[in-house]
Amino acid sequence: MTPAASIRFDILTIFPGMFAGPLDQSILGRARQDGLIEVHLHDLRDWTHDRHRTVDDYPFGGGAGMVMKPEPIFEALEAIRPLAEPAPYVVYLSPQGRRLDRALVDELAAHPRLLLLCGRYEGVDERVLEHAVDLEVSVGDFVVSGGELPAMMLLDAVARRVPGVLGGEGSLAEESFEDGLLEYPQYTRPAVFRDWAVPDVLLSGHHAEVERWRRRERLLR
Ligand code: SAM
């Protein structure tokens, strides 16, 4: 699946401040500066109309916790959608979603525009999922407190697929999960550290041998 040449991410959250650090540093920071990815943060509370900027309410039928109300989410999505072309593919981060893996990262990276909806509380009103979300995505079979950290993981993994984000394309070709294998073991100097020596073959300068060794290690892993 061919990744998009650049990707615009729209993120809908009640905690836009959580994204500041991770999106400004290193690979993602550079990708944004180079215009390979664009990230637009939207505070869901901007689409509330009461004094307390309420985004949650009690669940019908009772039970613990609160549920995110549909009105601000639909209003926000309807306001964000026309901000750019094309319409975004809408992803809701959810422990009940499809597990994020290499194949899904590739599928998502084919979209030039992704809208990531971050849940809080017990999640969103089911009508949001039925009528406004294209795909629910989970980062694993465990529960975290909100969709923000999962959204950052998804964004980082997807951004790495955009051509140019990793600089040398070589670093992508040998990464884990390329051709279904994990990466080979990596070593750097010193050659001997606390009696633990680097495999001889890596010091041999014999390129073909090194390649063979790496291939075998990837298969073993
Ligand atoms: N009550 C929900 C359940 O049991 O499925 C869990 C709600 S969780 C406390 C709050 C929000 O965090 C979720 O709505 C979702 O957006 C996000 N979240 C939690 N775990 C996640 C995961 N493994 N993958 C993706 N998002 C997750």
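The values are calculated or read from the model by the stated rules, or taken from the named source; none is laboratory data. The structure displayed is predicted, hence computed values, not measured ones. In this analysis, Cβ positions are derived from the backbone assuming ideal geometry, glycine residues included, and neighbour counts consider all displayed protein chains. Keep in mind that these areas ignore ligands, DNA and RNA; they rest on the heavy atoms of the full protein, side chains included. Shrake-Rupley method; radii C 1.70, N 1.55, O 1.52, S 1.80 Å.
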Within a Gaussian network of the chain (alpha carbon springs, distance under 10 Å), most fluctuating of H42, H111, H207: H207
S94 long-range amide H proximity, modeled H, under 5 Å: V137, S138, V139
Using a Gaussian network for the chain with springs between C-alpha atoms less than 10 Å apart, which of these wobbles most: P82, P163, P95? P82
Across segment 18-97, how large is the tail of the calculated P(r) beyond 17 Å, expressed as a percent of all Cα pairs? 64
With springs connecting C-alpha atoms under 10 Å apart, model the chain as a Gaussian network and identify which of E211, E183, E85 has the largest mean-square fluctuation. E211
Starting from one equal scatterer on each C-alpha and no solvent at all, send me the Debye-based log10 I(q)/I(0) for segment 72-182 at q = 0.13, 0.15, 0.16 Å⁻¹, two decimals. -0.54, -0.70, -0.78
16 Å tail of the calculated P(r), segment 154-221, as % of Cα pairs: 60
Using a 1.4 Å probe and counting only protein heavy atoms, arrange R120, R127 so the residue with the most accessible area comes first. R127, R120
I'd like the per residue volume of the convex hull spanned by the Cα atoms of segment 2-41, given in cubic angstrom. 68
Exposed-loop-free span, longest in the chain, where chymotrypsin sites (Phe, Trp or Tyr not before Pro) count as exposed if DSSP calls them loop and at most 11 other C-beta atoms lie within 10 Å: 61-141
For Cα pairs less than 8 Å apart in space and 6+ apart in sequence, what is the mean separation divided by the residue count of segment 57-156, i.e. the relative contact order in percent? 36
Accessible area in the full protein assembly, largest first, 1.4 Å probe, for L44, L149: L149, L44
Theoretical FRET efficiency, 1/(1+(r/R0)^6), r = Cβ-Cβ of A64 and L182, R0 45 Å, to 0.05: 0.65
Per residue accessible area in Å² of the chain, where ligands, DNA and RNA are left out and the probe is 1.4 Å: 57
Taking alpha-carbon centroids only, segment 44-93 lies from segment 138-153 a number of Å equal to 18
Can you give the Kirkwood hydrodynamic radius of the chain from its Cα pairs, in Å with one decimal? 19.8
List the residues whose amide H sits under 5 Å from the amide H of R113, counting only those 5 or more places along or on another chain, with H placed 1.01 Å from N in the peptide plane. R8, Y89
